Structure formats: structure tokens, C-alpha cells
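First comes the structure, then the notes that go with it.
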Amino acid sequence: MVPCQGGEGDAAPAAAGQEPEVPPGREDGLGAVQPCPAPGVEAAGAEERRACGCCSGMSWPFCCEAPGVKKKAACPGLGLFYTILSAFLFSVASLFLKKIEDVHSVEVSAFRCVFQMAFVLPGLIYYKTGFLGPKGKRIFLFFRGFLGSTAMVLLYYAYQVMPLADATVITFTSPVFTSLLAWIFLKEKYSLWDVLFTLFAVTGVILIARPPFLFGSRVTGIEGSYSDHLKGTIAAIASTLSAASTIVILRKVGKSVHYFLSIWYYAVIGLIGCVIALFVLNEWRLPHCGRDRVFLILIGLLGLGGQIFLTKALQIEKAGPVSIMRTMDVVFAFILQVLFLNHIPTWWTVGGALCVVASSSGTAIRKWRHSVKKAKQREI
């Protein structure tokens, strides 16, 4: 999985921005709701548009459709299909990252940021959001960009030095750490269930890392040396914590900042940081073969496609089912690792994956049920 770290897709507003909330139109004294007027036609002397019967009282033209137009039925399960497609694209991008030779993870991240900027720039111009954002939110946007890009670089490094499935599983501890950080910084509720899910996640990470003081000096089933495996595990955990911090910052900012502006900070700050790091490390070099160059382009395109489909999924489906379905990333990672990398996961990795998936799914289900309960209370 090569996600857009920092949770861009999580709770993202619609791509076209939020429409202003329009109060329902005035009803007749008998309580009958009038049909929508024809487009461009209003009753003479009317101070308010009448309510549309097909849209729960919202006035035309902000309602779902004009009269006489057949309502388009929503496709059931489309949001979950988008989530699975997003997971597949992220996983294939991760596979291409493993196949690249002699290209540092920081350089791959820089190419990814360039693709992000090329995608977001037209949107910023079209929606006239500006490039800096509201004055009171710029510091949050800066840290969102810094932490999000840091998470991306660390995750790419983890993919390069440890098994694909292991790194993917560790990234799925993000919801658990998000709940913990939200409790610390946003004073959100943190129950005994959250403590249990955190313990499950930590157990899963330990089974994947297999530290010698618990599992002995002979650690089998790893890719390369154990020191690289341990470095990759630390990088993956640090990436997860950075991503969780990014989500907390996005919750703090709320809906006052456009989605495109958030990604813009992520891409710009990430690109600047990657360029500085490449000069310091003296690691900048173009791929020596055409295959690696193609892989770099595909990583950018697939990562961007995965973000788009994940965002579309969150726009038409509840966040709970989407979070649960995102665990398909782990399934795809195991399959691709076996088929294309000829690396069969150990039972320790499978056990760790089950612990982490159970933890992240449990956290998602709990948050989902809590949001549904609050929605019902608001309706009452």
C-alpha cells in the first residue's frame, strides 16, 4: 500500500467544496409541499422559493433535481467497490516500489510529491482557494504537510528494506494510534475497548518485528538482514505515528480548509524536504534503466488513482465500512508478495496481521457505531 499519508481521504469534504446550507422553503398553510418550479421560473412576488417535495424540503435549485427529471438511483456497494479498487492500486504501487533498484526512498517520495502538485494546482486555481490558506490555520497546515510527507518517506523506506506484507500490516495500526493521540490532544473519549485494541496492535507489531530478546537470536523468515528488518519496522512505526498525528491535525482544522489546500501543503513541503534531504545525503540520481523510470511514473499515477477512489468512496459511503474494507490492503499485499516477490510470509507475520486487522477493524466499528448513535440522537 502506498497511501497518501496523513489521512487525506479520511473524512474529506466533497471535491467541489461545501455548498452553503439552504433553509427549507416555506410551505402552504395546509402543509402540502409544492413541487419544484420550472428552471428559471419563479412565482411573481414570491420572497422565497417553495420547497421541493423530492429533497426533504430543500429549495430548488439546490435540491437533487428539477421536476420531470428521473431520479438517478444510487448503486449499492459502489463506495465499497471504490475502496477495494483503491486498496488494489495502493498495493500494486507498493509492489513497483519493491521492484525499483538503486533509487532512494526519498527520491521516490519527491517524484510522488511532483505528481501531487500537478494534480492539485488546477483545483486550487479553479476553486480560488489561494495557496496559503486562512491565517489562523497556516501553522496547522504546515505541520500537516511536514508530518504527512515524513510519514510517506519513512513508509517508502520500510517497503524497501522489509517484506511488503510486514510493512503494510504495521501501517494499519494507524487508527489505534489516532484514537490515542486524539484522546491526548483533542480530549476525545478513550475507553477500555480502545486500550484493548491498542494492546492487540502492539502485539501484532511485536510478532512482526520479532525482537531477539523475546524470540532468540535466530530469527527466520525475514527479508535481508535482521538489522534492516528492525530499521524498517522502526521506520514503519514512526510513519504510522506521523500519519496518526496528521489525522489529528486535520480533525483540529476541521472543514474550514479546502481538501485541495491540505494536499497542496503536503506536496509542497514534502518536495522541499525531499530535495534538501537528497542534497544532504548525496543520493540524487536518475534511474539507470528505463524500467525504473516507468515504475516511478506508475507509482505516482497509481498512488494518485488510489487517493481519488478512496476520496470518492468516503463521499458516498460511511467512514466505518470504508475503514473496514481498507483491510483488503493487507490481503493484496500478501498475495502480491507471494506471486511476484517469491516471499512466503511466516506464521508469525500471519498472526501479527490478524492481531492488527482485528484491532483496526474493531476501532473502525466502534467509531462507526458511535457516529450512528450520535446521528440518531440528533434526529430525535
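The values are calculated or read from the model by the stated rules, or taken from the named source; none is laboratory data. Bear in mind that the values here come from a model prediction, so they are computed numbers and not experimental data. With ideal geometry, Cβ positions are generated from the backbone for all residues, glycine too; neighbour counts draw on all protein chains shown. Please note that ligands, DNA and RNA were not included when accessible areas were found on the heavy atoms of the full protein model with its side chains. Shrake-Rupley method; radii C 1.70, N 1.55, O 1.52, S 1.80 Å.
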Label residue 341 and residue 293 with points 7 Å out from Cα along Cα→Cβ: what is the distance between them in nm? 2.7 nm
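Would you please classify the overall shape of the range 287-380 from the alpha carbon gyration tensor, given that a ≥ b ≥ c denote the square roots of the eigenvalues, rounded means a/c under 1.5, and beyond that prolate means a/b larger than b/c while oblate covers the rest? Kindly include the intermediate steps, with their values, before the conclusion.
Values: a/c = 4.70, a/b = 1.59, b/c = 2.96.
Oblate shape, in that a/c is at least 1.5 and b/c is the bigger or equal ratio.
Any chance you could run the full-extension gain for residue 378 through residue 272? It's 0.36 nm times the residue separation minus the Cα-Cα distance, nm to one decimal. Can you show the working numbers first?
Values: separation 106, 0.36 × 106 = 38.16 nm, distance 4.46 nm.
Extending this stretch completely gives an extra 33.7 nm.
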Length gained if residue 280 through residue 354 is fully extended, taking 0.36 nm per residue and subtracting the Cα-Cα distance, is 22.7 nm
Over the range 257-327, average the accessible area per residue using a 1.4 Å probe and give it in Å², no decimals. 47 Å²
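Pairs 187/318; 252/318; 189/312; 187/231: which exceed 26 Å Cα-Cα?
Details: 187/318 24 Å; 252/318 20 Å; 189/312 29 Å; 187/231 33 Å.
Pairs exceeding the cut-off: 189/312; 187/231.
On the protein heavy atoms, probe 1.4 angstrom, tell me the percent of accessible surface of the range 78-377 carried by carbon and sulfur. It would help to have the intermediate numbers written out before the result.
Details: 10100 of 14190 Å².
Its accessible area is 71 percent carbon and sulfur atoms.
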Part-to-part distance (alpha-carbon centres) for the range 261-333 and the range 104-154, which is given in Å: 12 Å
